[in-house]
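The values are calculated or read from the model by the stated rules, or taken from the named source; none is laboratory data. These numbers were taken from a predicted model, which means no experiment stands behind them. Note that we place each Cβ from the backbone using ideal geometry, even for glycine, and neighbour counts take in every protein chain shown.
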Amino acid sequence: MSDIWSAFGRALGLIASLDANLFAIIGLSLKVSFTAVALAAAIGLPLGAAVAVFRFPGRGAVAAFLNALMGLPPVVVGLLVYLMLSRAGPLGVLGLLFTPTAMIVAQCLLVVPIVAALTRQAVEDLWREYAEQLRSLGAGPGRAWRTLLWDARFTLATVVLAGFGRAIAEVGAVMIVGGNIDHVTRVMTTAIALETSKGDLELALGLGTVLIALSFTVSGAAQAVKDRAQGRAG
Amino acid sequence: MRAVASILPLVLDNVVFAVGAARLIDGLSFTLDRGPRTVILGPNGAGKSLTLRLCHGLIAPGAGRLTWRGDGGAVSPARRQAMVFQSPVMLRRSALANVVYGLAVNGVARRRRRDLAMAALDRVGLANLAERSARALSTGEQQRLALARAWALRPEVLFLDEPTANLDPAATRAVEAIIDAVHGSGTKIVMTTHDLAQARRLADEVLFLHHGRLVERAPAEAFFNRPVSPEARAFIKGELLW
């Protein structure tokens, strides 16, 4: 027990001393996950709303498929992206394996189903409330799709946040496609896994503390923004 | 008066709407023409709301026909009518933006929307609340906003489904005054209510529905003073119908 506390104390020391190595890892984590989530939101929000609003054959199957994909194991996604990007793979010529770009792609693939599936649910609920009113005003499906995306914005902010939580916390996918290369593709989760196995509990705990603090900060900030905006728009 | 050709009359011919085996609307036939304020009266479950939704095109009849005179002509009947619901949906934006939205959907040029919307809010006495979030308005203000949103479209026909059912007397009075003003501007009013007193105040003619059928239709004065059908007589006397 005392080992843990002393490791914890030295971990806080690392953070307080603004350790360059530590902050490089944190910076890359944020860059990769923010980019991945931004891309995933750009794809998943319109996609989920479209499945909710537009009537097309196989709509129910698509919705069920999105729900199922929410539980994709990160290591499997990592493996698939690895196969695509490896030298022998179809996209091998791009030379993206073991780069931050590959990590962004993998996290994006993990987050898109979460954003799309939760968006579909939220927009479908709102659509039930809005359908007759919007049709009465003369809105077609395309207009309804845009209107619902906007009017569901507070719920959708939480949806995107859930996606960010998934991205920043996952290890398997970035480990496989990034390779955990020091100063190149090492992020918080892969570093924690590595340092723990090496026995460097200080750095692992320091990173763990920062990871948790970051999750709290991001969701707290998003909640505050949402509350303020919701207070104004009702 | 109107430059555009009228979409009225609306003719319902033996219209049926059924859910499973239950014929909720059971062979409705009537004609709605320009002029009088038509009030569709009847107890709960008579099919008043369904009748309005059928007329407005929100649901399709299982059998029978609804025909607007404008059908097949140059005017699109769908765009010349509007509806105000018992519990209107307020979009999550300002009161003004709610009215602007309706105008935008109906293809009003962007530069004209704001002025038209402000004028519509002014007519229902909400100009001072234009920038307020629509969802933060009181129930009565929301219903007036719904009326402004519908009225701004300059519909030839305005359907109103129990527009004051959730409102207190003061808000009811305000809404009824607006309905009168809409009527005065040349819009045909078709409204449902289960409130006898309101029907007396607003109706020029009454369609009395019971169990999804049209039981009686008469000018308001005749309906209230000399009802013909036993159901209407009982309803006016305040007896319970089922």
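Of note, B:Ala218 does not satisfy the criterion of being part of a helix (DSSP H, G or I), surrounded by fewer than 23 Cβ atoms within 10 Å (Cβ to Cβ) and over 13 Å from the mean Cα position of the chain (by Cα). Criterion applied to A:Leu72, A:Leu47, A:Leu22, A:Leu66 was being modelled with pLDDT under 95 and either under 29 Å from A:Glu129 (Cα atoms) or surrounded by fewer than 16 Cβ atoms within 10 Å (Cβ to Cβ) (or both), and the one residue passing it is A:Leu66. Considering region B:117-132, and only residues there that are small (Gly, Ala, Ser) and either within 14 Å of another protein chain (Cβ to nearest Cβ) or in contact with a Leu (Cβ under 7 Å, 6 or more places away or on another chain) (or both), the residue that is nearest to A:Asp227 (Cα to Cα) turns out to be B:Ala130. In region B:82-96, the count of residues that are within 14 Å of chain A (Cβ to nearest Cβ), assigned to a helix (DSSP H, G or I) and under 22 Å from A:Thr147 (Cβ atoms) is one or more.
Counting the residues of region A:118-173 that are among the hydrophobic types (A, V, I, L, M, F, W, C), touching a Lys or Arg at 6+ places or on another chain (Cβ under 8 Å) and over 25 Å from B:Val105 (Cα atoms) gives 1. Pick from region B:133-151 the residues that are basic (Lys, Arg) and within 12 Å of chain A (Cβ to nearest Cβ): which of them is nearest to B:Ala97 (Cα to Cα)? Restricting to residues being basic (Lys, Arg) and within 12 Å of chain A (Cβ to nearest Cβ), the top hit is B:Arg149.
Checked against the criterion of being surrounded by 14 or more Cβ atoms within 10 Å (Cβ to Cβ) and in contact with a Ser or Thr (Cβ under 6 Å, 6 or more places away or on another chain), the candidates B:Ile40, B:Ile25 yield just one match: B:Ile40. Annotation: of all residues in region A:132-142 being under 34 Å from the mean Cα position of the chain (by Cα) and crowded, with 17+ Cβ neighbours inside 10 Å, the one that is nearest to the other protein chains (Cβ to nearest Cβ) is A:Ala139.
Taken over region A:168-184, the criterion of being within 16 Å of A:Leu30 (Cα to Cα), of a type outside the set (Val, Ile, Thr) and crowded, with 17+ Cβ neighbours inside 10 Å is satisfied by A:Glu170, A:Ala173, A:Met175, A:Gly178, A:Asn180. Annotation: A:Ser197 fulfils all but one of (1) under 19 Å from the mean Cα position of the chain (by Cα); (2) in a helix (DSSP H, G or I); the unmet one is (1). If you go through region B:99-116 and pick out every residue that is more than 10 Å from every other protein chain (Cβ to nearest Cβ) and assigned to a helix (DSSP H, G or I), you end up with 9. Candidates B:Phe224, B:Phe235: the one that is part of a helix (DSSP H, G or I), modelled with pLDDT under 95 and within 25 Å of B:Gly27 (Cβ to Cβ) is B:Phe235. In this structure, B:Glu176 does not qualify as touching a strand residue (DSSP E or B) at 6+ places or on another chain (Cβ under 7 Å) and surrounded by fewer than 18 Cβ atoms within 10 Å (Cβ to Cβ).
Screening the candidates A:Ala88, A:Ala61 for the property of being assigned to a helix (DSSP H, G or I) and farther than 25 Å from A:Phe34 by Cβ yields one hit, A:Ala61.
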